[in-house]
Amino acid sequence: GQCVTHCPTGALTARDDTDKVFDAIADPHTTVVVQVAPAVRAAWGESLGLSHEEATIQRMAAALKALGVDYVFDTSWSADLTIMEEGSELLAKLAAAAAATGDPAASADLAAPGAGDAPRFPMFTSCCPGWVRYAKAHHPELVDQLSSAKSPGQMFGAITKSWFAETQGIDPHSIFCVEVMPCLAKKAEVAYAPMNDACGDPDVDVSLTTREMDRMFRAACLDVASLEEFPLDDPLGTFTGAGVIFGATGGVMEAALRTAHAIVTGEDAPADAFSAVRGMDGWKEATFDMGGTPLSVAVVSGLSNADKLIQSIQAGESSYHFVEVMACPGGCVGGGGQPIHDGCELAAERGDVLWELDRAMPLRKSHENPVIQQIYAEYLGEPLSHRAHELLHTDHHAWKMPHEA
Ligand code: SF4
C-alpha cells in the first residue's frame, strides 16, 4: 500500500517494503539480520497501544524473533562505530589544519578556513540522508565538508556482511540485512551505488520504517504486549549510551565530543560534560575546551534551520569546527517513518526516553564499547585505517541526485 506522509525530506511517498522482508524470512537459505535504530525504540509501541515500560527493545526483539528473524541487533552499536570514525576524522582535520599553518593552535582559527591544502571548516555530520541530499541539491559547495563516514545503518550492514559473516561462518551472500529506521530518506540511501560491497551486494538490503515494522507485527497477529522480553543477540547488540542518543538532536555531537575529548586529553571527563548542545532548540551552539584548544560546535535540526546556519557561516557571521545537522525537527525521534499522531508532535517526549536510557547505561562513551574495542583489535586496526575506509566511509560525489543524472 502507498500512503502519503508529512516527511520533511522530500521523500513524500512511503513505499511498503514489508513483503520483501516476509519473503526473506520464508526462504530457508537466507539468514535475516535486523538492526533497529535508536529512535525506533522510543516510538514503536505508540501505535500498538504499549506503554513506555512495555515497549522495550527486548520486547521488540521478541516480536521480531516471533516473525522468524534470525538475529536482532542494534544500530546503536554501529552508532558507536560511527563516532570512532567521524570523531577521528574531525581530529585528523584539526591536526591537518594546524600542520598547514605550522601553528598548533591554528585549528581554532576559523577566520581563513581552507587556506592552501588545509581542510575547510566546519566539518558537517553525514549520518542523516535527508541532510546529505539537501546539501547535494542546494549547497554543492559544502559536499566536501561532509564527513566521509557512512551512516550507522550503512556501517552496520557493511560489518554484518564482512566481520560478522566471517566470524560466524555464514556466507555473506546469504545474509539479508534489514534496518528498521524512523526515516523515509533511508530507503533511498540503501540503494546508492557506493553503499555496496566488492561483490556488488548492498550493505543493507531493505530499510523499513517504524510504521512498517509495526504493520508486520499486526499482519502476523502478534499479541506483542504478552511476549516475554528477549535479549538482543551478540555481538552487534552491545551498545553504549552514546550510541543511543544518536536518535535525538544534539546526540551525535555529544557522543562525538565524549570520545574526541578522551582521545585528545587522555582524561575521563564526566559523560554529561558536553550537555550544552541538548534540548529542542532548532539551532544550538557551544564552545568546549579540548585539552587547551577551543572547539566550537553547532547543532541544527530542521532544514530551514540548517539553511539559516549556512547563510550565517557564508556571510561570515558565525564560524564553527563541527556542525551536526538533522533534517527532521528534534532529530530522528521526530522522523517521517515514525508513528503519526495527527496534530501531535512527540519528538521531545521520545528524545527524553533516549536521554534517560543514556543516563542509566553503565557505559556512556563509544570508545568504551567492548565490541567496538574488539573489532578494532581483531579486524579494523585503527580508526581511519585502510580497511575502515573501505567498509565504513563513502564518497558523497559517487552517486547522483536526480537533477545531476
Ligand atoms: Fe531520517 Fe533522522 Fe535525517 Fe529525519 S533526521 S531524515 S529520520 S536520518
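The values are calculated or read from the model by the stated rules, or taken from the named source; none is laboratory data. Worth saying up front: this structure is predicted, and the values here are computed from it rather than measured. With ideal geometry, Cβ positions are generated from the backbone for all residues, glycine too; neighbour counts draw on all protein chains shown. Please note that ligands, DNA and RNA were not included when accessible areas were found on the heavy atoms of the full protein model with its side chains. Shrake-Rupley method; radii C 1.70, N 1.55, O 1.52, S 1.80 Å.
Considering each residue of the stretch 333-342 in turn, none proves to be over 20 Å from Ala39 (Cα atoms) and away from the ligand (no atom under 16 Å from the Cβ).
Against the list (1) open to solvent by less than 20 Å² (accessible area, probe 1.4 Å); (2) more than 16 Å from the ligand (Cβ to nearest atom); (3) within 19 Å of the chain's Cα centre (by Cα), the condition Asp205 fails is (1).
Residue-level check: of (1) in a loop (DSSP other than H, G, I, E, B); (2) among the aromatic types (Phe, Trp, Tyr); (3) within 17 Å of Ala79 (Cβ to Cβ), Tyr320 misses just (3). One residue is enough: does the stretch 55-74 have a residue meeting the conditions modelled with pLDDT of 95 or more, under 30 Å from Lys365 (Cβ atoms) and of a type in the set (Phe, Trp, Tyr)? Looking through the stretch 55-74, at least one residue is modelled with pLDDT of 95 or more, under 30 Å from Lys365 (Cβ atoms) and of a type in the set (Phe, Trp, Tyr).
Would you say Pro194 is crowded, with 16+ Cβ neighbours inside 10 Å, more than 26 Å from Val333 (Cβ to Cβ) and not polar (S, T, N, Q)? No; evaluated as a whole, the condition is false for this residue.
Any residue in the stretch 364-387 that is farther than 27 Å from Ser88 by Cα and in a helix (DSSP H, G or I)? No. Residues of the stretch 141-158 that are under 13 Å from the mean Cα position of the chain (by Cα) and farther than 20 Å from Lys187 by Cα: Ser147 alone.
The criterion of at least 2 residues that are surrounded by fewer than 21 Cβ atoms within 10 Å (Cβ to Cβ) and within 16 Å of the ligand (Cβ to nearest atom) is met, among helices (runs of 4 or more DSSP H) falling completely within the stretch 127-187, by 129-138. Against the definition (buried (at least 23 other Cβ atoms within 10 Å of the Cβ), touching a strand residue (DSSP E or B) at 6+ places or on another chain (Cβ under 8 Å), assigned to a helix (DSSP H, G or I) and not basic (Lys, Arg)), how does Ala276 come out, yes or no? When the stated conditions are applied, Ala276 does not pass them.
Within the stretch 350-374, the set of residues being touching a residue at least 24 places away in the same chain (Cβ under 8 Å) and of a type in the set (D, E, K, R) comprises Arg350, Asp358, Arg359, Arg364, Lys365, Glu368.
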